[in-house]
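The values are calculated or read from the model by the stated rules, or taken from the named source; none is laboratory data. Note that the coordinates shown come from a computational prediction; the quantities given were computed from them, not determined experimentally. Note that we place each Cβ from the backbone using ideal geometry, even for glycine, and neighbour counts take in every protein chain shown. With ligands, DNA and RNA removed, areas are computed over all heavy atoms of the protein, side chains included. Shrake-Rupley method; radii C 1.70, N 1.55, O 1.52, S 1.80 Å.
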Amino acid sequence: MAKDDLHYYINTNLENANVSNSIYMAVVEGKAAPFLKYEYKDIEDIGQHIFRLIEQNIEQEYMISATLHQIAHDYYSIGKDLAMPIVKRDGEFVKLSGVALFKGGKMVSSLPARDSFYVKIVRDTFKVGLYEAILEKEDIPPKLKHKSSNKITVAFDAIHSKRDMVLVDASKPEFDLNIQIRSRVLEVYPDINQGHRESVAALEKAIEKKLAKEITRVIAHSQEVESDIFGFGEKYRSAVRHSNLTKDKWHKMYKDMKINVKVKFVILRDGVFE
């Protein structure tokens with residue numbers, strides 16, 4: 001259904017008074033019928049289980065929200081495409097395995113579940129979620145290098161994030177995407193002295209570089225498949241008068257759009273963790 005076109009199903013559910021606009025929508029990895037009919041040993045009601053799984057991950061900001069209302073808004077919007085979680089059965093367990101990307105009503109690609117953080121931070125604000133960044137050898141500044149390790153793992157919670165899309169050139173088009181994150185670092189391994197301001201500043205810059213690189217990668221993938229799940233087209237349409245933008249026109253423009261990603265990461269509380 002997702003690879004064909006969800007237009008009919010979105011319309012049908014919107015017009016059905018018995019269907020709430022707040023229901024969650026998701027794509028099943030594989031076929032839906034075997035997924036729902038499987039006799040799970042520890043799951044009494046698979047429908048309620050999936051609902052609670054999605055709801056919990058949305059509340060903890062591990063996954064994007066995709067209610068029928070939100071999906072319909074993005075589907076009919078000129079300048080934004082819809083996205084929704086992907087669920088799959090893994091033995092006796094049900095898990096969220098990724099994010100489905102759509103072009104119009106058709107699913108055109110997917111991102112792994114880990115990338116939902118980058119999707120959410122560009123689409124929306126981030127308030128209570130936890131995130132783990134792995135700084136590889138090339139991302140680690142000299143001040144933080146450890147002989148015993150070629151990577152640094154940093155776990156943090158984003159106390160507050162803010163994003164700003166600025167159209168800097170309508171002819172290309174070109175956007176500046178500015179993201180600010182104020183966060184508390186929960187764990188660093190190998191440990192560093194967060195009481196040393198230079199070390200903290202070096203860690204902030206390293207995380208900024210890492211996040212900017214990953215966000216750029218995720219946006220570039222969405223451009224390849226012409227799926228603007230971030231709403232750059234909505235920003236373009238509101239900023240350019242008489243743009244006469246259509247879905248087809250924007251998808252072609254979006255593929256070649258230039259985006260300058262800038263991340264400002266601020267550590268609010270210091271400490272030493274291992």
Which of the numbered conditions does Ile46 fail, given that it passes all the others? Conditions: (1) open to solvent by 60 Å² or more (accessible area, probe 1.4 Å); (2) touching a Lys or Arg at 6+ places or on another chain (Cβ under 9 Å); (3) more than 30 Å from Lys249 (Cβ to Cβ). (1)
Filtered residues of region 234-271 (kept if hydroxyl-bearing (Ser, Thr, Tyr) and assigned to a strand (DSSP E or B)): none
Quick check on Lys213: is it open to solvent by 30 Å² or more (accessible area, probe 1.4 Å), basic (Lys, Arg) and within 23 Å of Tyr118 (Cβ to Cβ)? yes
Within region 76-97, residues crowded, with 20+ Cβ neighbours inside 10 Å and at positive phi come out as Gly79
Filter region 154-206 for residues that are assigned to a helix (DSSP H, G or I) and touching an Asp or Glu at 6+ places or on another chain (Cβ under 8 Å); the one that is surrounded by the fewest Cβ atoms within 10 Å (Cβ to Cβ) is Val200
For Glu55, only one of the following conditions fails: (1) within 23 Å of the chain's Cα centre (by Cα); (2) surrounded by 15 or more Cβ atoms within 10 Å (Cβ to Cβ). What is its number? (2)
Expected output for region 155-172 (first residue within 30 Å of Arg184 (Cα to Cα), partner among the polar types (S, T, N, Q) and loosely packed, with under 15 Cβ neighbours inside 10 Å, Cβ below 6 Å, 6+ apart or cross-chain) is Ser161/Thr125; Lys162/Gln180
Restricting to region 61-106, give me the number of residues that are aromatic (Phe, Trp, Tyr) and over 15 Å from the mean Cα position of the chain (by Cα). 3
Could you name every one of the strands (runs of 3 or more DSSP E) located completely within region 50-146 that has at least 3 residues being modelled with pLDDT under 90? 130-135
Which members of region 105-121 meet the condition of being under 26 Å from Lys151 (Cα atoms) and either open to solvent by less than 40 Å² (accessible area, probe 1.4 Å) or polar (S, T, N, Q) (or both)? Leu111, Ala113, Asp115, Ser116, Phe117, Tyr118, Val119, Lys120, Ile121
Could you list, in sequence order, all residues of region 58-73 that are without any contact (Cβ under 8 Å) to a residue 24 or more places away in the chain and open to solvent by less than 10 Å² (accessible area, probe 1.4 Å)? none
From the set of residues in region 230-256 that are under 22 Å from Arg163 (Cβ atoms) and touching a strand residue (DSSP E or B) at 6+ places or on another chain (Cβ under 7 Å), which is surrounded by the most Cβ atoms within 10 Å (Cβ to Cβ)? Phe232
